[in-house]
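The values are calculated or read from the model by the stated rules, or taken from the named source; none is laboratory data. Values in this document were obtained by computation on a predicted structure and should not be read as measured data. Reconstructed Cβ throughout: ideal geometry from the backbone, glycine too, with neighbour counts over all protein chains shown. Heavy atoms of the whole protein, side chains included, go into the accessibility calculation; ligands, DNA and RNA do not. Shrake-Rupley method; radii C 1.70, N 1.55, O 1.52, S 1.80 Å.
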Amino acid sequence: MSSPPAWPIGFRTILVRAVLYVLFIGAITQGAYLEALYLPSVRFSELGFTEFTQTLVLATCCAMLIYIRHVLKVWPTVTLLLLAFVAASLVREQDHFLDNYVAHNTWKVLVALIILPSLFWVVKQRQRFLAEFAHYSNTFAFGLFTAGVLTTYIFSRLYGRQEFWQAVLEDSYSGTFKSVAEEVVELLGYSLILIATLELLLLARRIYKARQIPN
């Protein structure tokens, strides 16, 4: 099992990445702000900036993970599990369109078709998975991916509870507040997952290049 190259990432590289990530997070936040101000007809709906960006972010993550697994061939069982999770999230985000234009609960069937075979393969290859995960779990990408999952699937759900916003806003409550709070936090979580996947891609390229160096 190949381990990450020993040499560290230069400070200048880290600084450039940090600046780009700050600009990206600022851009999506500004996008949600402009959506609220200038797109009242689709504001925080399935056709709005926030929902569309969520889909774009998840699709980009899927593409990067496919590249890592099938082109770079780094940690194939770990990346399969990550790909299954992200792809299932992407399908879940399309529930409105699938339920209305295909059939009710279509997204659930598609998610099952993605998750179950992937889990079966990972369990079958569990020794290889554990060996790969021992490396992956000690990377910045893993910590950031975990933060994204917790933000999207734990914090956003709890923060977006209807009862919470009804208590805060009392007579001024509108379902829009709940939707905005939940969707924007979801976008933040997905963005963390995107950055984590990009970090994994950059690490995988370093591993791939190290393999090409003759012993």
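Structure above, values below:
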| read-out | value |
| --- | --- |
| Given charges at beta-carbon only (K, R positive; D, E negative), |dipole| of the chain in Debye | 1400 |
| Degrees between helix 126-136 axis and first principal axis of the chain (Cα, 0 to 90, nearest 10) | 80 |
| Fraction of accessible area attributable to carbon and sulfur, the chain (%, probe 1.4 Å) | 68 |
| Among Ser41, Val71, Thr60 the positive-end extreme of the charge dipole of the chain (Cβ point charges) | Val71 |
| Kirkwood hydrodynamic radius over Cα pairs of region 134-211, then Stokes diffusion coefficient at 4 °C and 1.567 mPa s, in µm²/s | 92 |
| Shape of region 96-186, Cα gyration tensor, a/c cut at 1.5 | oblate |
| Per-bin percent of Cα-Cα distances, region 1-158 [10 Å] | 9, 29, 35, 20, 6, 0 |
| Gain upon complete extension [Leu169, Ala134; 0.36 nm per residue less C-alpha separation] | 8.0 nm |
| Crossing angle, helix 49-67 versus the chain [Cα axis fit, 0-90 degrees, rounded to tens] | 10 |
| Where Cα atoms sit under 29 Å apart: lysine pairs in the chain separated by 8 or more or lying on different chains | 5 |
| Long-range tail of P(r) for region 10-91 (Cα pairs > 20 Å, %) | 54 |
| Helical mean residue ellipticity (222 nm; -39500 (n - 2.57) per DSSP H run of 4+; nearest 500) of the chain | -25000 deg cm²/dmol |
| Over region 64-147: Rg over Rh, Cα atoms, Kirkwood Rh | 1.05 |
| Cα-Cα pairs of region 18-63 separated by more than 16 Å (percent) | 44 |
| Theoretical gain in end-to-end length, His104 to Phe120 [0.36 nm per residue, Cα-Cα removed] | 3.1 nm |
| Per residue accessible area in Å² of the chain, where ligands, DNA and RNA are left out and the probe is 1.4 Å | 58 |
| Helix 106-124 vs. the chain, principal-axis angle (Cα, 0 to 90°, nearest 10) | 20 |
